[in-house]
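The values are calculated or read from the model by the stated rules, or taken from the named source; none is laboratory data. This structure is a prediction, so every number in the text was calculated from the model and none was measured. Note that each Cβ is placed from the backbone with ideal geometry, even for glycine, and that neighbours are counted across all protein chains shown. Just the protein is used for accessible areas: all its heavy atoms, side chains included, with ligands, DNA and RNA removed. Shrake-Rupley method; radii C 1.70, N 1.55, O 1.52, S 1.80 Å.
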Amino acid sequence: MSAAAPSDDAPHIPVLIAPLIEAASPVSGTWLDGTLGAGGYARALLAAGAGKVIGVDRDPAALEMAAEWAAPFGDRVELVEGVFSRLDDYAQGLDGIVLDLGVSSMQLDQAQRGFSFMRDGPLDMRMSQNGPTAADLVNTADEGALADILYLYGEERASRRIARAIVKKRAEVPIVSTLQLAEIVEKCLPRSKPGQAHPATRSFQAIRIAVNDEYGELIGGLEAAERALKPGGILAVVTFHSIEDRMVKRFLQDRSDGGGGGSRHAPAEAAQPRQFTLKSRKAITADEAELAANPRSRSAKLRVAVRTAEAPGVTDRKALGMPLLKGDR
Ligand SMILES: C[S@@+](CC[C@H](N)C(=O)[O-])C[C@H]1O[C@@H](n2cnc3c(N)ncnc32)[C@H](O)[C@@H]1O
């Protein structure tokens, strides 16, 4: 999700849950929720007929929270602390997999997690609460690498100016808090007009994506889902910004007949194996009622596909539109 204005202890409202359940119906068997969060999707899947849900999250706080709500479900809910790029290590032969990308409202709203440019907190941004922090990245990466992250991961056009300002500031004093970083970014950009996003939105998004390797995780998650679903199993992915959506769209097109396959003038080579069939070519978006009730649904896109029996395919990260930093292959 994008960094919306936080509000105190706002619960995480799941997005696109009704169309997801409709696209997955009839829901049955064992599902894996690779982004458990507050468990909104997991509970909806259980209510819709899933026999069991394996709930995966890299954030120990999500699992702590789940231990409470999941208790009444007994062994219908299994909790795993881990990353969705390894979901095929946690389960095989699944009837369905959901991924609802990004951070939860709980993560965003807690100042000490360091995701929000609206609240002062340590510059952390780690979903898993371990490994290098955003402060480590911002204080050590060289200027060119920072500019690339801001530009390629956040589509920030002032990336070079911001990277230069960061490097200048950190030579005076370490950058350790969210508001400190927000202020550096703000000074590099024109003031936002009413209704426009906060100037630090794109930079915070880019740094968060880098700290959590979100694009690497996404490709790894799609590939792991392809390995873990049984034929007929459903993959549903909700994205919140254009780069993520492009990666999911191209992955599913490439692995389905949505990938083209030639025309009268350029006939297809021998029919390629197809690992998925698309539920619909277009992404599903929020309707008026959901948009009114949950502003976070504005940028959400849901894509749903059904696994075939074909062996897993081979992924070309560049062709999927994954932004590649120097050193990435
Ligand atoms: C948008 S929230 C999901 C909300 C959930 N659908 C709900 O209804 O409450 C995303 C969650 O996925 C987790 N997450 C993000 N990337 C992950 C990854 N690669 N592996 C495992 N969990 C991840 C985050 O920690 C966060 O809790």
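The table that follows gives values for the structure above.
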read-out	value
Matching residues, the stretch 167-183, being assigned to a helix (DSSP H, G or I), open to solvent by 20 Å² or more (accessible area, probe 1.4 Å) and in contact (Cβ under 8 Å) with a residue 12 or more places away in the chain	Val167, Lys169, Arg170, Leu179, Gln180
All helices (runs of 4 or more DSSP H) inside the stretch 99-166 with 1 or more residues being within 13 Å of the ligand (Cβ to nearest atom) and in contact with a helix residue (DSSP H, G or I) (Cβ under 6 Å, 6 or more places away or on another chain)	105-109
Of all residues in the stretch 285-314 being touching a Phe, Trp or Tyr at 6+ places or on another chain (Cβ under 7 Å) and more than 25 Å from His12 (Cα to Cα), the one that is surrounded by the most Cβ atoms within 10 Å (Cβ to Cβ)	Ala305
Residues (within 10 Å of the ligand (Cβ to nearest atom) and not polar (S, T, N, Q)) located in the stretch 32-44	Asp33, Gly34, Leu36, Gly37, Ala38, Gly39, Gly40, Tyr41, Ala42, Arg43, Ala44
Residue within the stretch 88-98 that is near the ligand (Cβ under 7 Å from one of its atoms) and in a loop (DSSP other than H, G, I, E, B) present	no
Which listed residue, of Arg160, Arg191, is buried (at least 17 other Cβ atoms within 10 Å of the Cβ) and either touching a strand residue (DSSP E or B) at 6+ places or on another chain (Cβ under 6 Å) or without any contact (Cβ under 8 Å) to a residue 24 or more places away in the chain (or both)	Arg160
